[in-house]
1. Please find, within segment A:533-584, the residue that is modelled with the lowest pLDDT out of those that are in a loop (DSSP other than H, G, I, E, B), within 14 Å of chain B (Cβ to nearest Cβ) and under 29 Å from A:ALA493 (Cβ atoms).
2. Check segment C:251-273 and report whether any residue there is under 30 Å from B:PRO162 (Cα atoms) and in a helix (DSSP H, G or I).
3. When both residues are 6+ apart or on different chains and their Cβ atoms are under 6 Å apart, which pairs have a first residue that lies in segment A:83-107 and is closer than 20 Å to A:LEU123 by Cα, and a second that is modelled with pLDDT of 95 or more and open to solvent by 70 Å² or more (accessible area, probe 1.4 Å)?
4. Would you kindly identify the helices (runs of 4 or more DSSP H) lying entirely within segment C:101-220 that contain at least 3 residues that are in contact (Cβ under 8 Å) with a residue 60 or more places away in the chain and more than 14 Å from chain B (Cβ to nearest Cβ)?
5. Could you tell me whether any residue of segment C:199-218 is at negative phi and in contact with a strand residue (DSSP E or B) (Cβ under 6 Å, 6 or more places away or on another chain)?
6. Would you please name the residue that is nearest to C:GLU283 (Cα to Cα), looking only at residues in segment C:212-246 that are polar (S, T, N, Q) and open to solvent by 40 Å² or more (accessible area, probe 1.4 Å)?
7. Test B:LEU228 against the stated conditions and say whether it is open to solvent by 30 Å² or more (accessible area, probe 1.4 Å), touching a helix residue (DSSP H, G or I) at 6+ places or on another chain (Cβ under 8 Å) and more than 22 Å from C:ASN85 (Cα to Cα).
8. For C:ASP92, which of the numbered conditions (1) of a type in the set (D, E, K, R); (2) within 14 Å of chain B (Cβ to nearest Cβ); (3) assigned to a helix (DSSP H, G or I) fails to hold?
Amino acid sequence: MEKNHPEGVGLAASCMAACPVHTPTQAYVQAIAEGRYEDAMDLLLSANPFSSVCGRICHHPCEQNCRRIAVDKPISLRGLKRFVMDQTKDFRKTRKRQGAPANGKKAAIIGAGPSGLTAAQDLAMKGYQVTVFEASDSPGGMLGKAIPRYRLPFDVVMEDIADILALGVELKTNTAIGKDLSFADLRQQGFDAILLAIGLAQSKSLGIPGIDSKGILLGIPFLRMAVEGVPVKLGDKVVVIGGGNVAIDVARTARRLGAKKVTMVSLESRKEMPAWEWEIQEAVDEGIELMPSWGPKAIQAGKGGVRGIELKKCTRVFDENKRFNPAFDESVTTQVACDNILIAIGQGSDFSFLQGSGVKLTPRGLLEWDGETFATSVPGIFASGETVTGPGSAVEAVASGHRAAEAMDHWLQTGTFKKVPKEELPNIGELPKEVAEKARKLERVEVGLTDAGKRVQDFEEFERTYTEAEALREARRCVACATGAVVTEELCAACLTCVRVCPFGVATVDRTASTPAEKCLTCGLCAAECPAAAIALSRFGTEKVKQELARLAGVKKDKDKPIIVSFNCIYEAQSRRYLVPGEEVLGKDGVLRIMVPCVARLKVTELLMPFELGAEGVAVIACEEGECVYPTAEDRLEVRVRRAKQLLDEIGIGGGRMDLFKTKGSAEESWEELWEESRNKIKSAGTGAGAEVSR
Amino acid sequence: MIVAERKPFAEIKEFLAPYKKVMILGCGTCVTVCQAGGQAEVDILASELRIADRQEGKSREFITGTITRQCEPEMVDPILEQVKRDQPEAILTLACGVGCNFLAERVGKVPVFPGVDTSFYGTALEHGVFAEMCAGCGQCILHLTGGICPIARCTKSLMNGPCGGSNKGKCEISTEVDCGWALIVKRMEELGTLDKLTEMYAVRDWSKSFHGGPRKLLIPSVKIAAELAAQAEETTKPGAKS
Amino acid sequence: MKSGSNLERVITAGQFAVTAEIGPPMDANAEVVIEKAKVLKGYADAFNITDCQTAVVRISSIAAAVLILREGLEPVMQMTCRDRNRIAIQADLLGAAALGLKNCLCIAGDHQSFSAAGRLKGHPGAKNVYDVDSIQLVNILKIMRDEGRQQGGDPLKTRPQFFIGAAWTPLGDPIEFRPIRLGKKAKAGADFIQTQGIFDVEAFARQMEKVRNLGLHEQTAILGGIIVPRSMMMMKYMNQNVAGVSIPDQLIARMAKAKESAGADKEKAKRLQEEEGTKLAVELIEQVRAIPGVKGVHVQAIEWETQIPEIVKRAGLYPRPSAPA
């Protein structure tokens, strides 16, 4: 009778909506909670081929938009993503991906950064023969060349890239277009389309006096040297000019290379600094000083090189038109002594290789480019990523790559341009305060960081990954937005049961019941108790129970081992041990385990169902006393179990065959004992029932 | 609304013992609200029967479903179609007595068994607690008793209660039963209309209740249409006055 | 005279009336009734015959009433609303009148689930009637007697001349409403009233004051109910279970003392309690008699009718003013 089982409520969870690639966030977190790490990996990779990378460095707009913020703190989504990718490393290598059969067309991609390689993946999956040209000796772009190793180890970058190359994408490193191979020659090689994904590799410099002094380095080259292990000698005092994420990376790298005093000078005020807030905080923890609202005036140098820098007060960064147009008070200056100056004030692309190709630039020196069709001025030549969007995050580059690939595919198949705008998802919106107030607060499991004093000493990753128990505990906090209760109005009798049962005051009845998606916290109590069976959750329903019980078919009865079906709450698991179904139906515990996200959502019919299919006993194992995330759910479950027991008495097979247990400590600590208890109870109930049955 | 309670399983099991293909039909209105016969209860009963069958080594076919109301022709028609198609040997309905009657008269050669004991017209005092409020007497006198019915809520249906058995607001038959007349007196005190009760309320005409025989009701427009039709027939009869 | 009954004459003459109750047997044994009649003759102005009290099937009130009438006692037949509709009621009333019965007490009747408070099987599954209630029944008798017509309107040539009685529970819930309801009964045509057993004389006196303020004591003759307690257990039981019967603690204490003073001797305990009960009954009669507006007493000694003569004598109410003609 699950004709009203919904796929979802037709709205996207706000985490998913906020993600530039619309990662199915809520879905992968639920997959983690259910122990399906491989499914979680598939979900992540379906949106973002650079999931391992983003698991380390993404700026997680999903977290900023997590609706749980209204209750306590957002889910640690980046941490969970990293956990999944770490757990499934080997699985990812061995599993095969099958794209569409080869369609005979070829595409060239210049630049093996995240946007280029994402486009390469998508095109390869659609059957195109793809070749990626990379100027340097290794792929990854900024991921491998600029982002410091303490944030992103290179082998992590290669995990993602290897998975893409495994689709048959050809990678040609050490092939700089314009140097090793001219653009004109490239175009002779028979590619049906070309994607310019060259990123912003050129660091900008300052035109102030003393800029040519020794001891001055540009941001990206500096980071690249650090990443490649090229020895960089820095003095004790270093000034970094810039307020963005690159400047932060530069500053933190400088600390690790031995600088004792690192000062970041930015035009922006502290609040305006464009770097991610948590990065700024981590930098400050590492001892970096900030000097916001100052601009570079002149560099002082001596015989050995840089001695200091004179700064002038920056009174304003953006003008009335919100344009970058800094203003200064030249009369207010200050002097900072330093041995090195590292400049991280922005980047650009070198388009010199396009001269004579017909690919036009704008008067400001940027590519002439359509932001929706991804086309340049030459049909068949497209562009994506930071080179055309300006500086952005890795995941935004991935999004750009996806859209470019879609645009290119259309053009390649039809010869016409397709607009591929940013997809806006219908967002479920904020969690209303009156509901958030009633939700139980759960402490966020923070990702462990190495102590600041210790971590500046080297380039080791300073962030620990979650243990399995931590990840499961954090995943449990997810509210599973947009998978809540859905009422089938034609069946609703307006009996008000859902209104009375909902612990959060979400359900209301006008002519029929209504469970607004933006309020529902997915506890499932209304669905379990609706007398008209008119409410279903897209998250978990009777069909799933039926599927799992189908495994009982063909299991032979054993006098000493009664067939027991155990409904267990996933939230008490600290490992996958019980979350994944065993090889044998009854496992070594002798029990068919059905894992349920909160057993309080089990209907009476679901509790009885095992007996229809051959079970001799049912154990329901709930969370530890008082631990259930949903208020009143424990008590309601108890009433339902008692009713089921009464019905079993009524039928004549005896209510003693069903029992409700509470976990003690954790699943791993207590379930085996509880199953043993259940077995003993049911064995003794067994002798009685046989006699009673023949009525 | 009509309040009913599901019959004991043993009784239903016995009704259905001879049949191998049974339709279990729920009703989506009153019995859903009082949790006796909605889809959820249909599912539970079907499950119980299947479990019981399994214990006896039996396996039967159960067709289950619920319709919005079993007392409405258009809503029951699709079931009649389905019965013709699927040919169940018996139907167990969880609708109230009204639905059971209605279905039984229309369904042809298939026995229809009642799955619930229909009890009263009542209200939900709180979730899951229902109390009798109205006796369907056909001649409402609630304006005389502050809105509280002496026929349904006084055990003896007294018109001039309370009798001597009223004890601390409860009826002599049980402390679980409120004395309807105690409620009436209290309410009319509250309304300031207690003086109405100094006059004897006259002997009742019970012929309007079911004591006068099974009742039928036509809504005004249908009544009028019937009258018009009768008139028309009169004037077209041979020998009719023009 | 409305009925010419002995009870009516005693009351009309302004003398303190005494009625007593006889309970018929649960089988067809007329002898039991006749024996009781013989014992009680002369000790009350009229004798109530209960009508399937506590919904237990016994010889009908009318039949038993005729049996005692033949022994020279004046009956008060009782008519409940539980078992008969208005047709049967009126038919029985006509028959009763034709058989010479003159007094009729109109009551609602205990609900059929009673079965003597569960001590007997009874007929709890019977369909009850309650076509009319006790007040409407009083009114029906009045119409038949004074207007010479049946309730439905058909005329009565020979009218049943009844002295019409009704019951009253002065201390029943809701207590403020009880005087008002008494007024309804008086207005409906009740000539005399027999109350539920009184033990809390003060409380009864307070209700009687309200009744006098309403002038009801002049409209209808109120006979105070006196239940003769036979044991402490009986008193406790009544206090807890019988609606409208409220027994002050000191009375129960008296009975308890009587019981305890017998120690382990069960026979003695029975005797002492019965003696105490008799004393108590007599005191209650005297106290109730002293309340202005009370026109008599109605003595009930359940399954102990034989004690009534003693009680009536000790209360100074013997001999009765006149014997029936």
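The values are calculated or read from the model by the stated rules, or taken from the named source; none is laboratory data. Nothing here was measured: the structure is a model prediction, and the numbers come from that model. Using ideal geometry, Cβ is built from the backbone for each residue, glycine included, and neighbour counts are taken over all protein chains shown. Quick note on the areas: whole protein, heavy atoms, side chains included, nothing else; ligands and nucleic acids left out. Shrake-Rupley method; radii C 1.70, N 1.55, O 1.52, S 1.80 Å.
1. The qualifying residue modelled with the lowest pLDDT is A:GLY541.
2. Of the residues in segment C:251-273, the ones under 30 Å from B:PRO162 (Cα atoms) are C:251-252.
This time we only want the ones that are in a helix (DSSP H, G or I), so: C:251-252.
Yes; the residues of segment C:251-273 include at least one that is under 30 Å from B:PRO162 (Cα atoms) and in a helix (DSSP H, G or I).
3. Close Cβ pairs satisfying both conditions: A:ALA100/A:LYS126; A:LYS106/A:GLN129.
4. C:201-213
5. Here is the first cut: in segment C:199-218, the residues at negative phi are C:199-214, C:216-218.
Add one more test, that the residue is in contact with a strand residue (DSSP E or B) (Cβ under 6 Å, 6 or more places away or on another chain), and what stays is none.
Within segment C:199-218, none of the residues are at negative phi and in contact with a strand residue (DSSP E or B) (Cβ under 6 Å, 6 or more places away or on another chain).
6. The qualifying residue nearest to C:GLU283 (Cα to Cα) is C:SER246.
7. Values: open to solvent by 30 Å² or more (accessible area, probe 1.4 Å): yes; touching a helix residue (DSSP H, G or I) at 6+ places or on another chain (Cβ under 8 Å): no; more than 22 Å from C:ASN85 (Cα to Cα): yes.
It is false that B:LEU228 is open to solvent by 30 Å² or more (accessible area, probe 1.4 Å), touching a helix residue (DSSP H, G or I) at 6+ places or on another chain (Cβ under 8 Å) and more than 22 Å from C:ASN85 (Cα to Cα).
8. (2)
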